[in-house]
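All of the numbers you see were taken from the coordinates with simple rules; none came from a lab. Since the model is a prediction, treat every value here as computed from it, not as a measurement. Here the Cβ is made from the backbone with ideal geometry for all residues, glycine too, and neighbour counts use every protein chain on show.
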Amino acid sequence: MFTTLYTSKDVVSTSLTGLALMSLAAAVLCFVGLSWSNERWRVPTALVGAACLVTSIYYAGATGYWLSSGAASAGVRFSAWYTVHPLQIAAVYFYARTQGPVPVGVFWRLVGASLLMVFGRWLGDAGFFNPTLGVLISIGFWLYILGEMYFGAMPEAVRKSSRPVRFGYFWIRLLFTLGWAVYPILHFVDVVIGVGQAPSIIVLYSVFDIVNLIIPSLIVLAVAGQDRY
Amino acid sequence: MFTTLYTSKDVVSTSLTGLALMSLAAAVLCFVGLSWSNERWRVPTALVGAACLVTSIYYAGATGYWLSSGAASAGVRFSAWYTVHPLQIAAVYFYARTQGPVPVGVFWRLVGASLLMVFGRWLGDAGFFNPTLGVLISIGFWLYILGEMYFGAMPEAVRKSSRPVRFGYFWIRLLFTLGWAVYPILHFVDVVIGVGQAPSIIVLYSVFDIVNLIIPSLIVLAVAGQDRY
Amino acid sequence: MFTTLYTSKDVVSTSLTGLALMSLAAAVLCFVGLSWSNERWRVPTALVGAACLVTSIYYAGATGYWLSSGAASAGVRFSAWYTVHPLQIAAVYFYARTQGPVPVGVFWRLVGASLLMVFGRWLGDAGFFNPTLGVLISIGFWLYILGEMYFGAMPEAVRKSSRPVRFGYFWIRLLFTLGWAVYPILHFVDVVIGVGQAPSIIVLYSVFDIVNLIIPSLIVLAVAGQDRY
Amino acid sequence: MFTTLYTSKDVVSTSLTGLALMSLAAAVLCFVGLSWSNERWRVPTALVGAACLVTSIYYAGATGYWLSSGAASAGVRFSAWYTVHPLQIAAVYFYARTQGPVPVGVFWRLVGASLLMVFGRWLGDAGFFNPTLGVLISIGFWLYILGEMYFGAMPEAVRKSSRPVRFGYFWIRLLFTLGWAVYPILHFVDVVIGVGQAPSIIVLYSVFDIVNLIIPSLIVLAVAGQDRY
Amino acid sequence: MFTTLYTSKDVVSTSLTGLALMSLAAAVLCFVGLSWSNERWRVPTALVGAACLVTSIYYAGATGYWLSSGAASAGVRFSAWYTVHPLQIAAVYFYARTQGPVPVGVFWRLVGASLLMVFGRWLGDAGFFNPTLGVLISIGFWLYILGEMYFGAMPEAVRKSSRPVRFGYFWIRLLFTLGWAVYPILHFVDVVIGVGQAPSIIVLYSVFDIVNLIIPSLIVLAVAGQDRY
């Protein structure tokens, strides 16, 4: 029934189950934290909690699939990315919104850009057009999101906030700048160059999901907790 | 054990798992949102949350079935539609009800019409009578529901509400007008013309479940959040 | 792995999964409703919510069993009935109790009668004695329950209540009178006459579980909601 | 895939699934009841709720194992007993504690005795020493627990309480006296005499889990509910 | 389908399922306890609750894997340890933090050390470098954590607290000193000496997870409960 011997040497199953459990713990902490956060922090906390929960369920399924079939195509990650990336971007928007008015148009543009960022990469991966083009489109929308996070109305709203809020915003933005860079890079290596699903690619994806998902979620939770006093 | 290779190229599994995760996130946000919405918004929020949760579980099951058997008959969607469509229609009724009195008879007629709308299509699909007849019956009840949403007591109740409430009602109604049109159309193509369960049909159904289920649910949640200040 | 093709034409799987999702939605609404009901309505609402949840899990298991083995013996329904019927009867007792004192002896007699009603039918179905005798014993206890609901201390307590409370009690009693009649009848047809598990029997059981479980639960929820103003 | 035909005639599967659903319902009611009980009743209610939940999950797993393998060794029950018996004994301690001071040493001795009671029986069942010796050790610790419940600081604390509290304590103690007697007796019949896992043994275990687990849990819940006025 | 007969004699399955149920009960009690603890105790209680929940899910999966494949490599425990150990260490930090200011740098160093402690052992177990080296690295980080717990800012913060708080801190520290010693020792026996996955190793790991996880979690819960009066 199992194609893979599940030991430490199988870095893939260790990383997949590890991520499933880690993001479950993060989701639980976010949802529990909702009850003691300041009311205005509830929306961003709920959004990152939902993103962690979805990721946890995705990884639990991916583990089962890996143990049964010995495959863990990065392709299936798209089904989670379609949900997780917009949730994370929306959380950043509402993070800034707790500190001051941010036009609702920014929200729509950001969520749209994050969906198109995933969609472009997926179209390439699924073979609808050239994978390199998909990566380039994806990078374009990612740069747009970064532009809003660096120069738009959101940094303006956060500028005069308390130290933990500014600090949290700075780190989340940094992670989205450096950590998200891994998606086009790994995608390029995996699909365009054609390394395929080497275990090291799978593990790298998993590690960057900690950096890109769990750490920003815990930052939001920590800032929400410190802004309550 | 698996009949399908689960990669990006398999658009069906990507769309099924994607929908399962996306509607789970929507359900979680609705239920979390219950705690901070104004009290009178709790019933519509709970109804759309339940609709999203049911859809999520349905899609999780459909993914497993697809991976095991390579089939994802639209027929099985009926088991979810019997629950989801009445829940959504009831949510619209209670949405209007938050703004003013709407006769309880409207509620019964709407829920009855939504059940019969599904039942008619199902009778055709299951072969109890001519599929075309089933589609026509289904369209009839759908038009009745639209009539109530455009000309009945519900638009009357909403007319003098605050801008976000009117705006939300307008968009939900538009989605039920344009988005629900896809059910008889796809059903006609699938069953009456006899295209069968082509992957593109399955993906179209999934995409329209985002438009028809997740977006209206998030609209209800957003309006409930804005009406609290 | 699957003995049944899961399409609309397989009315059994459609009805089993449909019921699983429908009773899950009802359970979710009951539990969410707990937070906004008047305090004295919490016990009946929690009881019907638990009954819906148990039914949902039962039907989810029955679906899996049906898809794997092509069998859905009414026999297995007993495992749910042993829990669901006493919960429903207890909910009726606490429903009446919200309106005035009802002797606690009524509670014990009702719960005992509901357990014995299931037990008698089960003894017949499992072959411990003649199935006809089991049906007759079951009918006897059912009539006793109806007697308490029509002439005992419970209608007395409800008599002077507000209109929605009396109305709800009337409808629940009617459903228990007409809807529960189906259990001995179907059981007689299935076991005594020996039709066996024809799909139509399974579907009829499922349909009557909507009538007998989900509708009374939603009535309790609706009455609890209206009694709060 | 299934070794057993799942009908009423298979008393084992009916009793296992029945217990899984019944203890789930009890757990749900306990957890829902937490929100309306008096604050000091929360600890015992949470403990019996956790005991019911654990039992429910155990029985769900045991059903799956029975359907797949046709075996339901009483041995596997130990994995649940190690958790459930200490939880129940701790609930009795905190039950008495709501009424007055009980030395914390009683708590440690009771929990220790309940763990050793299970451990002794398990060592015999697993063949580490003579099964008869295991049963005798188990009886010794059980008698110690009964001694604390009849003559120790707990009955002292409860003595001057309100009638429902005394009544509940009396019944729980009686169930632990008569109902728990079944564990060494059945274990003796099953392991020492060597009847093996006859279906009747499995069903008797299941029935006594209703008597020993679900009824005391509901007593705690009912007393907690009545003590709030 | 099953490679192992699941009876008391199979100490592995008994211990795995037993731990799954026991840590589930602990998690449930922690989360329920959140609602009645003093507000400042919520963070440590939520952290140990999340640690118990993650462990429970890990053990449930490990049971299934054991029953299917007859293997329960300690290697797979790493996927849980990566989450559980940092959560526990963070809980200790926030435990001390409830009693007075502890520099946030201590938190980062402790969480980092706990991650590196697991990572070092894992690198050895997965064969990236010599297993003995992994054990030594792991012991180094563990000693650092103990140093912070004995001589750092945390014992300083706890020193003048109420008796239960000091008592709880003393016991948790003692368990982390004695109980965590088992991880390098067992790992040494298992991987370096090469005993392999003997059932006794698996059972010892499981027993020490009770000592190291469930007991400290219940201590946190108990202290949080006593600090509320």
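Using only Cα atoms and rounding to the nearest 10 degrees, what angle (0 to 90) does helix A:215-226 make with the longest principal axis of chain A?
20
What size of dipole, in debye to the nearest 20, comes out for chain E about its Cα centre when the only charges are +1 on Lys and Arg C-beta atoms and -1 on Asp and Glu C-beta atoms?
The dipole magnitude comes to about 620 debye.
Sorting check: for A:78-86, C:17-25, which peptide has the highest mean count of neighbouring beta carbons within 10 Å, and how do the rest follow?
C:17-25, A:78-86
Counting Lys +1, Arg +1, Asp -1, Glu -1, what net charge surrounds B:LEU186 among other residues with beta carbon under 14 Å of its beta carbon?
My count for the surroundings of B:LEU186 gives -1.
Divide by every residue of chain A the summed helix terms, -39500 (n - 2.57) for each DSSP H run of at least 4, and state the resulting mean residue ellipticity at 222 nm, rounded to the nearest 500 deg cm²/dmol.
-24500 deg cm²/dmol
Shortest first and in nm to one decimal, what separations exist between A:VAL104 and its copies in the other chains, measuring from label points 7 Å along the Cα-to-beta-carbon line?
3.4, 3.4, 5.5, 5.5
When A:SER161, A:SER35 are ordered from fewest to most other Cβ atoms inside 10 Å of their Cβ, what list results?
Exposure proxy ranking, most exposed first: A:SER35, A:SER161.
At what distance in angstrom do the alpha carbon centres of region B:33-53 and region B:93-132 lie from each other?
Cα centroid of region B:33-53 versus Cα centroid of region B:93-132: 21 Å apart.
Give me a single rounded figure for B:119-132: the average over its residues of other chain Cβ atoms within 10 Å of their Cβ.
2
Projected onto the charge dipole of chain B (+1 at Lys/Arg Cβ, -1 at Asp/Glu Cβ, origin at the Cα centre), which of B:SER69, B:GLN226, B:SER13 gives the Cα projection farthest towards the positive end?
With unit charges placed on the Cβ atoms, the residue in question is B:GLN226.
Using only Cα atoms, find the angle between the long axis of helix E:42-69 and the longest principal axis of chain E, and express it within 0 to 90 degrees, rounded to the nearest 10.
It works out to around 0 degrees.
Within 10 Å of each Cβ in peptide D:162-175, how many partner chain Cβ atoms are there on average? Round it to a whole number, please.
Mean partner shielding for this stretch: 0.
Got the relative contact order for region C:45-180 handy, in percent, Cα pairs under 8 Å and 6 or more residues apart?
21
Could you tell me the relative contact order of chain C? Use alpha-carbon pairs under 8 Å, at least six residues apart, and round to a whole percent.
26
When averaged across all projection directions, what area in nm² does the alpha-carbon convex hull of region E:78-143 cover?
Computed as one quarter of the Cα hull surface, the answer is 4.4 nm².
Among residues other than B:PHE31 whose Cβ falls under 14 Å from its Cβ, what is the net charge (Lys/Arg +1, Asp/Glu -1)?
+2
Rounded to the nearest 10 degrees, what's the angle between the helix E:199-209 long axis and the longest principal axis of chain E, both from Cα atoms, 0 to 90?
Helix E:199-209 sits roughly 10 degrees off the main axis of chain E.
Computed FRET efficiency, Cβ-Cβ of A:TYR150 and C:ARG40, R0 51 Å: what is it to the nearest 0.05?
Computed FRET efficiency for A:TYR150 and C:ARG40 comes out at 0.35.
Using Cβ contacts closer than 10 Å as the measure, can you line up D:TYR65, A:TYR59, C:TYR95 from fewest to most?
Ranking D:TYR65, A:TYR59, C:TYR95 by Cβ neighbours within 10 Å, fewest first, gives D:TYR65, A:TYR59, C:TYR95.
If you place +1 on the Cβ of every Lys and Arg, -1 on the Cβ of every Asp and Glu, and leave all else neutral, what size is the dipole of the protein assembly as shown about its Cα centre, to the nearest 20 Debye?
Using only the charged Cβ atoms, the result is roughly 3080 debye.
Taking 7 Å along the Cα-to-C-beta vector as the label spot, tell me the C:VAL104-C:LEU143 distance in nanometres, rounded to one decimal.
Placing both labels 7 Å along Cα→Cβ, they lie 3.1 nm apart.
Using only the alpha carbons, work out the radius of gyration and Dmax of region C:111-154 in angstrom.
Both quantities, over Cα of region C:111-154: 11.4, 37 Å.
Just want the ordering: A:MET149, C:MET154, from fewest to most Cβ atoms lying within 10 Å of their own Cβ.
In order of increasing Cβ crowding within 10 Å: A:MET149, C:MET154.
List the aspartates and glutamates whose alpha-carbon lies under 16 Å from that of D:LYS160, not counting same-chain residues fewer than 8 positions away?
D:ASP227
Please list, in order along region B:102-115, the HN-Hα scalar couplings obtained from phi with the Karplus expression 6.51 cos²θ - 1.76 cosθ + 1.60 (θ = phi - 60°), rounded to whole Hz, x for Gly and Pro.
Karplus values, whole Hz, x for Gly and Pro: 10, x, 5, x, 4, 4, 5, 5, 5, 5, x, 4, 5, 5.
Averaged over peptide B:77-87, how many Cβ atoms belonging to another chain are found within 10 Å of each residue's Cβ?
5
So if R0 is 25 Å, what FRET efficiency would B:ILE215 and A:LEU116 give, r being the distance between their Cβ atoms, rounded to the nearest 0.05?
0.90
Placing a label point 7 Å from Cα toward Cβ, how far apart in nm is E:PHE170 from its equivalents in the other copies, listed shortest first to one decimal?
In nanometres, ordered from closest: 4.3, 4.3, 7.0, 7.0.
How long is the protein assembly as shown along each principal axis, judged by its Cα atoms, biggest number first, in Å?
Computed over the protein assembly as shown, the largest-to-smallest principal extents equal 77, 73, 52 Å.
How many times 2.2 N^0.38 Å is the alpha carbon radius of gyration of region D:87-227?
For region D:87-227, the normalised Cα radius of gyration comes out at 1.12.
Taking each label point as 7 Å beyond Cα in the direction of the beta carbon, state the distances from E:PHE128 to the same residue in the other copies, shortest first, in nm.
Spacings between copies for this position, smallest first, are 3.8, 3.8, 6.1, 6.1 nm.
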